[in-house]
Protein chains: 4
Amino acid sequence: MGKGRLEAFSDGVIAIIITIMVLELKVPHGADFAALQELLPVFCSYVLSFIYVGIFWNNHHHLLHASTVVDGRVLWANLHLLFWLSLVPFTTGWMGENQFAPLPVALYGAMLFMSAIAYTMLEKALIVCNPSDAVVTMALTKERKGIASAVMYLLAVPAAFLHVWLSFILYVLVAILWFLPDRRIEARFKS
Amino acid sequence: MGKGRLEAFSDGVIAIIITIMVLELKVPHGADFAALQELLPVFCSYVLSFIYVGIFWNNHHHLLHASTVVDGRVLWANLHLLFWLSLVPFTTGWMGENQFAPLPVALYGAMLFMSAIAYTMLEKALIVCNPSDAVVTMALTKERKGIASAVMYLLAVPAAFLHVWLSFILYVLVAILWFLPDRRIEARFKS
Amino acid sequence: MGKGRLEAFSDGVIAIIITIMVLELKVPHGADFAALQELLPVFCSYVLSFIYVGIFWNNHHHLLHASTVVDGRVLWANLHLLFWLSLVPFTTGWMGENQFAPLPVALYGAMLFMSAIAYTMLEKALIVCNPSDAVVTMALTKERKGIASAVMYLLAVPAAFLHVWLSFILYVLVAILWFLPDRRIEARFKS
Amino acid sequence: MGKGRLEAFSDGVIAIIITIMVLELKVPHGADFAALQELLPVFCSYVLSFIYVGIFWNNHHHLLHASTVVDGRVLWANLHLLFWLSLVPFTTGWMGENQFAPLPVALYGAMLFMSAIAYTMLEKALIVCNPSDAVVTMALTKERKGIASAVMYLLAVPAAFLHVWLSFILYVLVAILWFLPDRRIEARFKS
């Protein structure tokens, strides 16, 4: 089975996820700075989630690029990943709506943790049906980053009840970790 | 006529259907567990529908993969299927909003039944313009599953008025039926 | 310039238009037949618009299929068509929300008329940059249908103020006109 | 890395942005002209933004068409552009909702300015990994238009507090500037 439609469908879902989040930025009735200021926490959580969804799309893009074929197990592993990502608009909105209260911030971390697990499962499913060098190398190169992110997401869940900023710092750290370009991978997969 | 744009358009519509369902998960104003608990029925119906739309996308993907060309009748049969699927966010939301009351649960079954009928019509239209071995084999291999699902959807409609859990068990059974990988088909269509 | 991205972008926009219309079907709080019955006019206008958007997508698909290249003028003519189609969810919702009151029904006709004009302009722009036999033939074959539709849309605008059902009958007639398969075209463009 | 998925993902996001803006055109409960008239400012800002998003898509289309490969930096530069464009529905809605009050009109200009900057950054990232003649020529040909637009967006921000119509005239001027076909570019890149 070719990977074309899997990529197209995933692109569609991720494009919608990243865009409907902006609907949580409800248009205020006032036209002054105060009205904008009230939206600040919602805006901040929007920016954070935009970056996260961008990171997942980026990694998904590289992973599928290294793969050649997909099978039924990959289709479901991919839908499983999309399921957790589809909750991003909800958890983002809840976090912003409640000015980063502990429970929403913890749930945000739990959802990112589940997405990271789902991503790893997709990686494993792709390795099974593409036992080639490329996917395995890709998986190994990003393995440490992946484990570090998952651990930080998991830590962010209890940390939210200690102090919400602890979790927030963890989220920003993970984002920076992935945002830094990974020249090694590109050098290897440049086509 | 090539099938590329039909696949792309269907992917777009199905991607939007599966994603806008999450908008029914309205962001609660409270930030405690009670606020989340209230969303539980909406969340459960979201999970169920996500799996169902995933199943339809999966089958659509395999069916079109086995086909080579499409004609005007296929375009309309496909739009007919997309029409019934486009009602999924509404019926899902209605079911969740009313804590699985009998009528919404019955309507959910009716909508799934109509989608199954529409899928069979698309299958027939594709066989007419692709009288090749591949589509016919695909249709035959999944025929029993398809009939079993349609019967169970239809049974779920009156069952909802007896006891709502009867319908729910039927819906979960159908999902499991399709979720189990169908190794036979993949073995045959691996390209 | 290739036509691939123009098709992909149009598919995306039309897929979203056809799907977000369902958001106008607001999930009712009651779980009885009365709650469903109230939604009937919204549902009917949804079905009508789904068919219309399907017709436009179908024609767009055939038209682009017959074309080989696109230029800047085509890009803008296409965006112009998408603009009028993007108003479908609004006019559909307004018509349904007000139980087919005269003004919304007239506006619906005006929007369809503008879409038909925009479609003709796109056709002309494509003929200019694809002066081949295929696009010209396609345009000529559907010319009578196109003119008949535009006239009927235009008639539906004043007719709505006489009696709303006159316009409604005109809309249904146009839909039937396009729904009937056009075997001549397919025979000619089968590839 | 091929540019296919980058184009597909961008098309998806831009298609959603241009289409969900119409959701700000809230369906009114009344069915008379007065109800429509109230929507006029929202409609006008919708038309303006539709044209702007169309311009960005058009330029994006030409730019990627001239490019051959993309790298990680381009992926992020592209996401950065999509981020600013994703704010279009919000700023458009805010401007329309408040009958073109100064602050929303100024914010609209600021968002367009940031989008223009992001577009330039994407252009530069593409030139780095496609040091071919085509992208450089494309960038140079549109350079003056790009700088003129950015300056006009920036001027529109303070102008909104002087008189809102000054900004509005600037926005319309930029739209006209891009709307005019650029025959030179097409002549060069016709394939």
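The values are calculated or read from the model by the stated rules, or taken from the named source; none is laboratory data. Since this is a predicted model, take the numbers as computed values, not measurements. Using ideal geometry, Cβ is built from the backbone for each residue, glycine included, and neighbour counts are taken over all protein chains shown. Heavy atoms of the whole protein, side chains included, go into the accessibility calculation; ligands, DNA and RNA do not. Shrake-Rupley method; radii C 1.70, N 1.55, O 1.52, S 1.80 Å.
Here are the numbers for the structure shown:
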{"item": "Evaluation of A:MET152 against (1) in contact (Cβ under 8 Å) with a residue 24 or more places away in the chain; (2) away from chain B (no Cβ under 14 Å); (3) over 25 Å from A:ARG5 (Cα atoms); (4) of a type outside the set (Lys, Arg) (one fails), failing number", "result": "(1)"}
{"item": "Among residues of segment D:19-43, those that are within 28 Å of C:ARG5 (Cα to Cα) and out of contact with any Pro (no Cβ under 9 Å at 6 or more places or on another chain), counted", "result": "1"}
{"item": "Helices (runs of 4 or more DSSP H) contained entirely in segment B:31-140, each with at least 3 residues that are closer than 30 Å to A:PRO102 by Cα, open to solvent by less than 10 Å² (accessible area, probe 1.4 Å) and touching a residue at least 24 places away in the same chain (Cβ under 8 Å)", "result": "B:40-66, B:88-97"}
{"item": "Meets criteria (closer than 22 Å to C:LEU75 by Cα, touching a helix residue (DSSP H, G or I) at 6+ places or on another chain (Cβ under 8 Å) and not hydroxyl-bearing (Ser, Thr, Tyr)) for D:LEU81", "result": "yes"}
{"item": "Residues (of a type outside the set (A, V, I, L, M), within 14 Å of the chain's Cα centre (by Cα) and within 17 Å of C:ASN58 (Cα to Cα)) located in segment C:119-163", "result": "C:TYR119, C:THR120, C:LYS145, C:GLY146, C:SER149"}
{"item": "Unique residue being more than 13 Å from the chain's Cα centre (by Cα) and under 19 Å from C:SER115 (Cβ atoms) when the list is C:ILE55, C:ILE16", "result": "C:ILE16"}
{"item": "Scope segment A:64-111; condition more than 7 Å from every other protein chain (Cβ to nearest Cβ), over 14 Å from the mean Cα position of the chain (by Cα) and within 23 Å of A:LYS142 (Cβ to Cβ); matching residues", "result": "A:LEU64, A:ALA66, A:SER67, A:THR68, A:VAL69, A:VAL70, A:VAL74, A:TRP76, A:ALA77"}
{"item": "Hey, A:THR19 of a type outside the set (Lys, Arg), without any contact (Cβ under 8 Å) to a residue 60 or more places away in the chain, buried (at least 21 other Cβ atoms within 10 Å of the Cβ) and within 23 Å of D:PRO104 (Cα to Cα) or not", "result": "yes"}
{"item": "Some residue of segment B:149-163 being under 23 Å from B:LEU64 (Cα atoms) and either in a helix (DSSP H, G or I) or among the small types (Gly, Ala, Ser) (or both)", "result": "yes"}
{"item": "Any chance D:LEU6 is part of a helix (DSSP H, G or I) and open to solvent by less than 20 Å² (accessible area, probe 1.4 Å)", "result": "yes"}
{"item": "Residue within segment B:21-34 that is among the charged types (D, E, K, R), closer than 23 Å to B:LEU180 by Cα and facing chain C (nearest Cβ under 9 Å) present", "result": "no"}
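One line per residue, one yes/no per condition, for (1) modelled with pLDDT under 90; (2) surrounded by fewer than 17 Cβ atoms within 10 Å (Cβ to Cβ):
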site	(1), (2)
D:VAL151	no, yes
D:LEU155	no, yes
D:PRO158	no, yes
D:TRP165	no, yes
D:VAL174	no, no
D:LEU177	yes, yes
D:ARG183	yes, yes
D:ALA187	yes, yes
D:SER191	yes, yes
